[in-house]
Structure formats: C-alpha cells, structure tokens
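One structure is given below, encoded as structure tokens.
The values are calculated or read from the model by the stated rules, or taken from the named source; none is laboratory data. Quick caveat, the model's predicted, so the values are computed rather than measured. Positions of Cβ are generated from backbone atoms using ideal geometry, with glycine treated the same way; all protein chains shown enter the neighbour counts.
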Amino acid sequence: MAALDWTPIDTAAPERARRPLWDGDYLLAPQPLGGPAGRDALEAFARLGAARSGLDLVVLGDPEPALARLARARGVAPRVHFVGRATRGAEASWLAGASTAVLAGRGPLAGSLVLRVLAAGCPLLVGASGAAADALRGRLEACGAAAAVWPPGVVGLAAALERVLERGEPVRRAIARGRELAAGADPGAIGERLRDALGGAAPRRAAA
C-alpha cells in the first residue's frame, strides 16, 4: 500500500527561514481535495459564515473544476485558491502559517505528510475515505494528537473546524502531542507504527 510512502522529515537545514506565503488566515489542504470528503471540506468551509469571512482555503493542488463550481455556487470562490503542487520547502512554509490542515482527497495517505503536518504544529483533520484514513484517525486519537474528530455531515464538520480555529485547550494539547510524536521520537519508529496501523508496506528510507 502506498499509504506510507516514507520520506524522513528534513532536519538537515533548520536555519532555513520559513517565510509566510499568504497574508492572512487560511485553512490548508496539503494534498489535492477530491471525492466526497473534499466536497464536504469545501461545504464546511463555506458554512463557517460571516464570522470567518477573512479566512481563505488554500489547496496545494491543481484546480478541480467540480469544486471550483461548488465554491462559486456557495459564494466563496474568491477565498478558495488552488495554488498547485508545492515543493517540500514551500510546503513547510504553507504549514507554518496555516490555521488548520485538512486531508480530504482521493489519493493515498502518506505517513510522511502526516508527520510533517504534526511537526509544524498545525492541527490536523483527516477526512479522506477508506480503511487507511480510518486507521490513521484512530491512531491520532489514541495518541492524543487529533485536534478534532472528523464528524459525519457538513454541519458537524463546520462545527469541528470552528473548534479547531478557536484554539481551545484540547486543541493546544493535541498540537503539543503531535509535535512530540513527530520530533521527540525517531521518525523511523513513528513510520513503523503508522505503517502497522495502516496495514501498509514497509516505509522507504532515504539512502545514507
């Protein structure tokens, strides 16, 4: 299974500046949106309402015509941005400034991406469908690193997003725990545990 296409977190150049790529608050989809989960994520974003009118949704993927049409229909098209695939350095900058990250696509889940989100201190909502996503959500919840559970239905998801954006104590604890998992332990060991949870193949390690 490609659920853990393992790539270690890049710690070789910690001095590199993480420059902000967006002027304002934004939700980040670090992989392309797609399928029912992607539609729900966009619908939930639109439901956040006037109180969050300054919040944008940034998708690190190419434009998705069906989702672009939905954004126009919901009146949020000016605040939904498909910026294309990001390099690893650009992804780190996007994560550093994001209010929340959502995984809501059709593609395989990468454990390395999950670890990079957690290491950045970005609260994570996992909404992709399938057994791997279910296992990942369960693992994050068991470790105390889940900022919120991805609930069924758009209304519940919008409420979960609102709770994460408010940064209450449970969310702050989840962020801290996620950072511990990503940075306080051996990345290879974390990859092995996530691989076991997802039932995937052994992670690939970079050559020495």
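For this structure, a couple of remarks:
- Residue in the stretch 106-128 that is over 22 Å from Glu180 (Cα atoms) and free of Cβ contacts under 8 Å to residues at least 24 places away in the same chain present: no
- Set Val117, Val154, Val102, Val164: member being touching a Ser or Thr at 6+ places or on another chain (Cβ under 7 Å), β-branched (Val, Ile, Thr) and closer than 26 Å to Ala46 by Cα: Val164
- Within the stretch 93-102, the residues that satisfy the criterion of being surrounded by 19 or more Cβ atoms within 10 Å (Cβ to Cβ) and either within 11 Å of Ala29 (Cα to Cα) or of a type in the set (A, V, I, L, M) (or both) are Trp94, Leu95, Ala98, Thr100, Ala101, Val102.
- Cβ-Cβ under 6 Å pairs, at least 6 apart or on other chains, the stretch 53-64 side farther than 14 Å from Ala41 by Cα and free of Cβ contacts under 8 Å to residues at least 24 places away in the same chain, far side surrounded by fewer than 19 Cβ atoms within 10 Å (Cβ to Cβ) and not acidic (Asp, Glu): Pro63/Phe82
- Of Glu91, Glu43, Glu141, all but one fail to be without any contact (Cβ under 8 Å) to a residue 24 or more places away in the chain, among the acidic types (Asp, Glu) and either at positive phi or not in a loop (DSSP other than H, G, I, E, B) (or both); the exception is Glu141.
- Selection status of Arg88, charged (D, E, K, R), modelled with pLDDT under 95 and within 24 Å of Val149 (Cβ to Cβ): no
- Residue check for Ala147: among the hydrophobic types (A, V, I, L, M, F, W, C), under 17 Å from Leu113 (Cβ atoms) and modelled with pLDDT under 90: yes
- Residue in the stretch 63-80 that is among the basic types (Lys, Arg), assigned to a loop (DSSP other than H, G, I, E, B) and surrounded by fewer than 16 Cβ atoms within 10 Å (Cβ to Cβ) present: yes
For (1) modelled with pLDDT under 90; (2) surrounded by fewer than 22 Cβ atoms within 10 Å (Cβ to Cβ), each residue gets a yes or a no:
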position	(1), (2)
Ala104	no, no
Pro108	yes, yes
Ala120	no, no
Pro123	no, no
Ala128	yes, no
Ala131	yes, yes
Asp134	yes, yes
Arg139	yes, yes
Ala142	yes, yes
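- Residue in the stretch 4-11 that is touching a Ser or Thr at 6+ places or on another chain (Cβ under 8 Å), modelled with pLDDT of 95 or more and not basic (Lys, Arg) present: no
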